[in-house]
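The values are calculated or read from the model by the stated rules, or taken from the named source; none is laboratory data. Since the structure is predicted, the reported quantities are computational estimates derived from the model, not experimental observations. Cβ placement follows ideal geometry from the backbone for every residue including glycine, while neighbour counts extend to all protein chains displayed. Please note that ligands, DNA and RNA were not included when accessible areas were found on the heavy atoms of the full protein model with its side chains. Shrake-Rupley method; radii C 1.70, N 1.55, O 1.52, S 1.80 Å.
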Amino acid sequence: MSESISRFCFGCEALGGTDWGEVSLDEIERCINIAIANGVNFFDTAAIYGLGLSEERLAAILGKRRSKMFIATKGGLVWSKSKNKRAKVWKDSSANSIRKGIIQSLKNLKLEYIPLFYIHWPDLETDFEETFYTLRDLQKEGLIKYIGCSNFSKEELIKVSQFCKIDFLQAPFNFLIDHPKELFSYCRNNAIKFVAYNVLSSGLLTGKYNEDYIFDSNDRRSRLYSFKRESILNSKRKLESLKFKAKKHNLSMTQYSIKYICDNENIFSTILGIKNVEQLKENIEVFKHCMMKEL
Ligand SMILES: NC(=O)c1ccc[n+]([C@@H]2O[C@H](COP(=O)([O-])OP(=O)(O)OC[C@H]3O[C@@H](n4cnc5c(N)ncnc54)[C@H](OP(=O)(O)O)[C@@H]3O)[C@@H](O)[C@H]2O)c1
């Protein structure tokens with residue numbers, strides 16, 4: 001039976017409440033409800049987002065609708081947390097860690113199985129064989145449906161594909177990044193669906209931030225290289241060209257940036273982080289004639 005998945009994937013990192021500056025959970029809930037009313041059924045979260053909170057909050061907002069949604073979560077990052085300190089995070093894709101993480105994600109998401117489970121980042125300390133045979137077992141046991149890799153290179157995908165079928169790759173792709181041609185062709189030839197994140201370069205491509213903007217310390221962009229003065233100045237020419245192209249197509253910079261990615265034939269779905277209803281409405285407009293894609 002074919003499944004229809006939305007080309008707009010709702011990014012739920014901000015729902016975890018950390019690292020994205022000021023976030024209103026009520027506003028994100030409103031955004032999720034409007035997104036669903038407009039055909040969105042694909043949600044992207046991860047165990048690490050808010051240390052489980054993003055998964056729990058997504059489950060609470062979706063309520064009974066959650067079993068009808070295509071929810072993707074990620075694991076293989078673990079943490080230790082002491083009071084009032086930033087969590088210490090490291091990669092652990094060992095069999096025990098993955099199994100334990102998936103069982104916790106199932107509890108957080110209140111699901112019987114996870115529609116799509118990604119390894120968040122390649123863990124080079126653990127044999128890929130151990131990680132991906134474990135995922136294959138978990139799939140056989142019915143706890144996960146599709147298997148994905150996030151932030152894996154083509155060479156890493158080739159290696160892990162010896163152990164189980166990889167269904168999805170999640171990787172950054174936006175107007176500032178060179179087309180990852182080799183990854184695209186590997187994914188195309190091996191029936192791996194490419195899901196793009198960082199489509200707005202975490203907000204930079206909206207045109208509202210410049211090299212003088214200062215982010216709060218609770219916003220990851222205060223640390224990201226792409227928001228450093230030097231990096232923004234280096235991107236100036238491309239940002240000007242984006243502005244020019246957007247104007248020519250009568251679109252905002254944000255809408256043109258989204259269209260540029262989702263019109264690429266290699267892209268299965270486009271993850272977008274959303275903070276408020278105004279942003280949701282502007283972004284979803286791009287998909288109004290072509291929301292769904294067959295899996
Ligand atoms: N696999 C991974 O390792 C990985 C890594 C990062 C993210 N992700 C996924 O991708 C999602 C999005 O994160 P991202 O870094 O890729 O961000 P993004 O989608 O490139 O940018 C999202 C941010 O841009 C701003 N924005 C969005 N629409 C806007 C509009 N119409 N007008 C003005 N501003 C707008 C908002 O932030 P402000 O309003 O605060 O500017 C929003 O939070 C995450 O939630 C997560 O699901 C995955």
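For the reader, a short list of remarks on this structure follows.
- Filtering T73, T45, T18 for residues that are within 14 Å of the ligand (Cβ to nearest atom), at pLDDT below 95 and under 24 Å from N151 (Cα atoms) leaves a single hit, T18.
- One residue stands out in segment 86-103 among those that are out of contact with any helix residue (DSSP H, G or I) (no Cβ under 7 Å at 6 or more places or on another chain) and outside any helix (DSSP H, G or I): the one that is surrounded by the most Cβ atoms within 10 Å (Cβ to Cβ), namely D92.
- Complete set of residues in segment 109-138 that are of a type in the set (S, T, Y), open to solvent by less than 40 Å² (accessible area, probe 1.4 Å) and either within 30 Å of H179 (Cβ to Cβ) or outside any helix (DSSP H, G or I) (or both): Y118, T126, T131
- Qualifying residues in segment 221-253 (those that are over 14 Å from L176 (Cβ atoms) and among the hydroxyl-bearing types (S, T, Y)) - the one farthest from the chain's Cα centre (by Cα): S252
- Screening segment 37-85 for strands (runs of 3 or more DSSP E) wholly inside it with 3 or more residues that are at negative phi and under 16 Å from the mean Cα position of the chain (by Cα) returns the ranges 42-44, 70-75.
- Listed by first and then second residue, the pairs linking a residue in segment 63-91 that is touching a residue at least 24 places away in the same chain (Cβ under 8 Å) to a residue that is more than 16 Å from the ligand (Cβ to nearest atom) and open to solvent by 80 Å² or more (accessible area, probe 1.4 Å), with Cβ atoms under 6 Å apart and 6 or more places separating them unless they lie on different chains, are A87/K81.
- Tabulated pairs, segment 139-167, first assigned to a loop (DSSP other than H, G, I, E, B), second among the charged types (D, E, K, R), C-beta under 6 angstrom, 6+ apart or interchain: F163/E129; C164/R136
- Selected residue (criterion: farthest from the ligand (Cβ to nearest atom)) from residues of segment 264-282 that are of a type in the set (V, I, T) and not in a strand (DSSP E or B): V277
- Positions within segment 150-170 being within 30 Å of I232 (Cβ to Cβ) and buried (at least 20 other Cβ atoms within 10 Å of the Cβ), in sequence order: S150, F152, L169, Q170
- Scan of segment 91-110 for residues that are under 26 Å from A196 (Cβ atoms) and in contact with a strand residue (DSSP E or B) (Cβ under 7 Å, 6 or more places away or on another chain), ordered by number: K91, S93, I98, G101, I102, S105, L109
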